[in-house]
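S.K.: This is the structure, below, for whatever I ask next.
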Amino acid sequence: MRLSAVARAVARAVARAVVARVVVARAVATLAFGSFAFAACSSGSTEPTGTPKADTPAPGVPSPGTPQTLDAAVYPEVTFGAAPLIIIAPHGGLLVPDNIPDRNCAECVTVNDANTQDLARQIVDSFQARTGKRPSLVINLLSRRKFDANREIVEATGGYAPLEPVWTALHAAIDSARKLIGVSPGRGLVIDLHGHAHAVPRLELGYLLSASTLRLSDSTLDAQGSVAVSSIKQLAADRAGAVSSAALLRGPASLGGLIRAAGYAAVPAPDDPAPLVGESYFNGGYNTVRHGSLSGGATDAIQIECNFAGVRDTAANRGQFAGKLAAALATYLSDQYGWVP
Ligand SMILES: [Zn+2]
């Protein structure tokens with residue numbers, strides 16, 4: 001990894017901040033997202049879980065009966081890279097410590113997105129092998145039973161206050177990775193990686209645009225400038241006049257177009273421009289809102305909801321898909337952001 005001196009300084013500062021259990025007041029850390037309608041891995045929509053995960057001892061966690069303070073630095077696994085790409089795996093955590101209560105808030109989803117932690121690691125490895133630059137990687141190690149890293153703080157923690165520093169540290173790490181991109185090369189992309197179990201086996205790319213918006217014609221999308229109110233708002237501004245809204249969302253050079261060309265079904269994409277009426281579709285979640293450019297800043301965000309079979313079911317399929325997605329992301333960053341590895 002060849003970081004500039006400035007970037008290395010930022011990375012060191014970030015690492016210290018995370019290790020030092022960054023605790024920020026809830027009121028400061030919580031953003032108001034009430035105006036957005038978004039969806040990611042909502043109830044009943046994740047994949048079969050397979051065999052239940054065995055309880056796994058959590059390193060650095062007090063045993064039951066000790067004062068309920070948790071080490072915020074333990075549960076988000078964070079590595080910073082020099083590529084302008086951040087991969088987040090919020091629902092692939094395997095740790096289920098006994099001293100953290102299960103979330104039981106009303107309508108809370110507690111089912112993991114199976115194998116997405118491993119998939120995220122393979123994407124990062126493949127991207128580095130291809131480009132020589134490693135993406136930043138933020139993994140929530142806790143099972144979704146205990147903590148949801150794609151929700152606002154109350155739902156994320158199930159109201160269990162000792163988890164709040166974990167939430168704060170995880171999002172602070174993503175913020176720091178975004179700042180690192182802001183230092184060099186200035187623009188980049190967050191991918192929030194999930195898994196779905198919808199009826200149609202395809203990758204669902206979420207830009208915070210509803211299915212009904214995506215069902216509009218290309219000319220209407222372009223006339224409305226729909227991408228200007230999406231999670232790739234900054235990219236739309238950068239490419240204004242050069243690439244239309246529809247092309248950015250579902251043209252051959254869109255992320256869906258590149259994924260489709262690599263052999264995987266995706267929506268939106270050139271051959272599947274929008275979910276049909278009645279089809280389930282996730283258009284983005286908390287992370288896509290908070291860490292994408294709709295909320296400001298230099299990084300766009302796209303939520304990728306992966307179907308199970310052929311994509312993340314077996315180690316071989318994960319490895320193959322990770323390689324294809326890493327190649328698509330490298331092309332996307334080169335073509336749309338002008339990134340040169
Ligand atoms: Zn998910």
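S.K.: Scan segment 285-325 for residues that are surrounded by fewer than 24 Cβ atoms within 10 Å (Cβ to Cβ), among the small types (Gly, Ala, Ser) and more than 21 Å from Ala240 (Cα to Cα) and jot them down.
M.R.: Ala309, Gly310, Ala315, Ala316, Gly319, Ala322, Gly323
S.K.: Would you mind stating whether Val340 is of a type outside the set (Ser, Thr, Tyr), under 19 Å from Ile123 (Cα atoms), in contact with a helix residue (DSSP H, G or I) (Cβ under 9 Å, 6 or more places away or on another chain) and surrounded by fewer than 19 Cβ atoms within 10 Å (Cβ to Cβ)?
M.R.: In short, yes.
S.K.: Also: Determine whether segment 106-125 contains at least one residue that is part of a loop (DSSP other than H, G, I, E, B) and more than 16 Å from the ligand (Cβ to nearest atom).
M.R.: Applying the first criterion (part of a loop (DSSP other than H, G, I, E, B)) to segment 106-125 yields 106-115.
Keeping just the survivors that are more than 16 Å from the ligand (Cβ to nearest atom) gives 106.
Yes, that holds for at least one residue.
S.K.: Find the residue count for segment 185-200, including only residues that are within 13 Å of the ligand (Cβ to nearest atom) and either in a strand (DSSP E or B) or free of Cβ contacts under 8 Å to residues at least 12 places away in the same chain (or both).
M.R.: Number satisfying all stated conditions: 5.
S.K.: If you go through segment 195-221 one residue at a time, how many are buried (at least 21 other Cβ atoms within 10 Å of the Cβ) and more than 26 Å from Ala330 (Cβ to Cβ)?
M.R.: Final tally of qualifying residues: 1.
S.K.: Here is a follow-up. Give segment 251-288 a look and list any residue that's out of contact with any strand residue (DSSP E or B) (no Cβ under 8 Å at 6 or more places or on another chain), within 16 Å of the ligand (Cβ to nearest atom) and either outside any helix (DSSP H, G or I) or β-branched (Val, Ile, Thr) (or both), or say none.
M.R.: Ser280 - this is the single residue of segment 251-288 that is out of contact with any strand residue (DSSP E or B) (no Cβ under 8 Å at 6 or more places or on another chain), within 16 Å of the ligand (Cβ to nearest atom) and either outside any helix (DSSP H, G or I) or β-branched (Val, Ile, Thr) (or both).
S.K.: Looking at Val311, is it in a loop (DSSP other than H, G, I, E, B) and either without any contact (Cβ under 8 Å) to a residue 60 or more places away in the chain or within 16 Å of the ligand (Cβ to nearest atom) (or both)? Explain how you work it out, then say what you get.
M.R.: Numbers: in a loop (DSSP other than H, G, I, E, B): yes; either without any contact (Cβ under 8 Å) to a residue 60 or more places away in the chain or within 16 Å of the ligand (Cβ to nearest atom) (or both): yes.
So Val311 fits the description; yes.
S.K.: Any idea which of (1) within 16 Å of the ligand (Cβ to nearest atom); (2) free of Cβ contacts under 8 Å to residues at least 24 places away in the same chain is the one Gly225 doesn't satisfy?
M.R.: So Gly225 meets the others, but not (1).
S.K.: Which condition number in (1) of a type in the set (D, E, K, R); (2) within 28 Å of Ala247 (Cβ to Cβ); (3) buried (at least 22 other Cβ atoms within 10 Å of the Cβ); (4) touching a Phe, Trp or Tyr at 6+ places or on another chain (Cβ under 7 Å) is the one that Asp192 fails?
M.R.: Condition not satisfied by Asp192: (4).
S.K.: Same structure, new question: Could you please tell me which pairs satisfy a Cβ distance under 8 Å, a separation of 6+ or placement on different chains, a first residue in segment 201-222 that is under 18 Å from Cys306 (Cβ atoms), and a second residue that is small (Gly, Ala, Ser) and assigned to a helix (DSSP H, G or I)?
M.R.: Partner pairs satisfying both residue conditions: Leu203/Gly256; Leu205/Gly256.
S.K.: Oh, and also: Do we have any residue at all in segment 191-201 that's of a type outside the set (Phe, Trp, Tyr), out of contact with any helix residue (DSSP H, G or I) (no Cβ under 8 Å at 6 or more places or on another chain) and closer than 13 Å to Thr299 by Cα?
M.R.: No; the residues of segment 191-201 include none that is of a type outside the set (Phe, Trp, Tyr), out of contact with any helix residue (DSSP H, G or I) (no Cβ under 8 Å at 6 or more places or on another chain) and closer than 13 Å to Thr299 by Cα.
S.K.: Another question about this same structure. Out of Ala247, Ala240, Ala327, I need the residue that is without any contact (Cβ under 8 Å) to a residue 60 or more places away in the chain, assigned to a helix (DSSP H, G or I) and more than 16 Å from the chain's Cα centre (by Cα). Which one?
M.R.: Ala247
S.K.: Output the number of the condition that Leu163 fails; it satisfies all remaining conditions of (1) in a helix (DSSP H, G or I); (2) within 15 Å of Gln303 (Cα to Cα).
M.R.: (2)
S.K.: Within segment 207-219, identify whether any single residue is in contact with a helix residue (DSSP H, G or I) (Cβ under 9 Å, 6 or more places away or on another chain), of a type in the set (Asp, Glu) and at pLDDT 95 or above, and answer yes or no. Break it down stepwise before answering.
M.R.: The initial filter retains those residues of segment 207-219 that are in contact with a helix residue (DSSP H, G or I) (Cβ under 9 Å, 6 or more places away or on another chain), namely 207-209, 213-214, 216-219.
Subset that is of a type in the set (Asp, Glu): 218.
Imposing the further condition that a residue be at pLDDT 95 or above reduces the set to 218.
Yes - at least one qualifying residue is present in segment 207-219.
The values are calculated or read from the model by the stated rules, or taken from the named source; none is laboratory data. Worth saying up front: this structure is predicted, and the values here are computed from it rather than measured. All Cβ positions, glycine included, derive from the backbone under ideal geometry; neighbour counts span all protein chains shown.
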